[in-house]
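None of the figures in this text is laboratory data; all of them are computed from the coordinates on show. Treat the numbers as computed from the prediction; the structure is a model and nothing was measured. Ideal geometry is used to build each Cβ from the backbone, glycine not excepted, and the neighbour counts take in all protein chains shown.
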Amino acid sequence: LPRHWIPHFFFPRLKNVVVYSEILNKHMKIVVTERTCRLIDKHFGLDSYLLETPEIDIASRLGNRLKREILLTLAKDTYYPDDQERHDFIKRKYAKFVIPVEEAEWIGLDLNEACRKQQEIEESVKPEPEKYKFELELVKRLASGDEDPDKDEIVKELESESVVAEKAKKMMRSAKNLISRARQVR
């Protein structure tokens, strides 16, 4: 039988290219495809290409990491500290790409890195139960004399309505009785 379909394989032509990042002020030798070279030229530089292209279209870990570094540098305003004229030029040229540092830290991370970063954030902030905060406030008010629990009508109403409070009072009375009996036996 004749074979009508012949598989063809596509292998991209990769080449080493030296590119310059205006914001980072670095020359980098990276491996890119011809299409990427054309896109960088079309955007008039690596920085503009990375900043104007969505992360999903960059489709490169190196490209996304460079984009993240560029955005962090723009957000922190740490480019060209010695050359004020160049600093002002870069600031005006890339003003529309400046975002907060908190947001720039998340750009360019893959799923595992983002999950790890989120876990570290959640572990670093341990929530304190609110009952401790309210208990501390009550103790401070009682110590300052602002509040008298015997004269507080709301507390008395809650105690009279609460079944749990009644049970707690009974348990406390029985515990006091047991303690007093144990002392008498000694």
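For the range 14-109, the convex hull spanned by the alpha carbon atoms encloses 90 Å³ per residue. Computed over the chain, the percent of Cα pairs more than 24 Å apart is 66.
Summing Lys and Arg as +1 and Asp and Glu as -1 over all other residues whose Cβ lies under 13 Å from the Cβ of Cys115 gives a net charge of -3.
Spherically averaged projected area of the convex hull of Cα atoms, the range 59-109: 3.7 nm². Note on Lys67: lysines with a C-alpha under 26 Å away, same-chain residues under 8 apart excluded, are Lys15, Lys26, Lys29, Lys42, Lys76, Lys91, Lys93, Lys96, Lys117.
Between Trp106 and Leu138, what length comes free when the chain is fully extended (0.36 nm per residue of separation minus the Cα-Cα distance, one decimal in nm)? Before the final figure, lay out each step's value.
Working: separation 32, 0.36 × 32 = 11.52 nm, distance 4.14 nm.
Gain on extension, Trp106 to Leu138, equals 7.4 nm.
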